[in-house]
Amino acid sequence: MAAADIRGPDTASMRKAYARWAPVYDVVYDKLTAPARQRAVAAALACGTHILEVGVGTGLSLEAYPTSARVTGVDLSEHMLRRAQQKVDRLGLRQVEALAVMDACRLGFPDGTFDAVVSQFVITLVPDPEAALDEFARVLRPGGEIVLANHFGAAGGALASLEEAVAPLASKVGWSSAFKAERIARWARSRGVAEVVSLESVFPGGFFKVMQLRKFA
């Protein structure tokens, strides 16, 4: 199966999956994804302080932003966002300007609003990743960056075949095992609005990667 043929679950399925995951998400993913989250936040802040987090979830990354930042978080799941809001209130995270329910493929912001758009462990799961990337680029200022933290499938070989074989099962638990980083690079080349400037492997053992795409000025 070619990477271009792999589609994510529909939004209704994603809402159901994340409603189930919301109560235990932090326990399962906090320490596992911390290095990738920290690297993504650092990359975003290098572009400026006005940040959009798409797929903010329970807000695991929000505390990592300094109080000088202006962070807006959006997510498809109301269950996740309720937990994120509780975290903001409990910790007094003044850097968080707003949290809102929103579809990654239909962002309700004007063109060129943000210095960076961060999306962590989301792009491989949305029903139409290219449409989401189009929206990320639209709301990003010229010269700003899209920062993606994710597991991307192996480019080839036996591991790639195995990942593609288990992809339908993985998607049922809100995960993707067969999405390739090349699909994002191909989007950038075809749209001509951004370029890949970095693809960095992070803990554990390079399983997660942080990709940065810079919008052309």
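Taking R0 as 30 Å, what's the FRET efficiency between Q38 and D134 from their Cβ-Cβ distance, rounded to 0.05?
Efficiency, from the Cβ-Cβ distance: 0.65.
Figure the gain on full extension for R82 and E195 (residue separation times 0.36 nm, minus the Cα-Cα span) and round it to one decimal in nm.
Computed gain between R82 and E195 is 37.2 nm.
Within the set K31/K180; K180/K209; K31/K209, which residue pairs have Cα atoms separated by over 19 Å?
As for pairs spanning more than 19 Å Cα to Cα, those are K31/K180.
Contour minus end-to-end for R90 and D111, with contour as 0.36 nm per residue of separation and end-to-end as the Cα-Cα distance?
This chain segment gains 4.3 nm when fully extended.
No lab work stands behind these numbers, since they all come straight from the coordinates. Just so we're clear, the structure is a prediction, and the values are computed from it rather than from any experiment. Ideal geometry is used to build each Cβ from the backbone, glycine not excepted, and the neighbour counts take in all protein chains shown.
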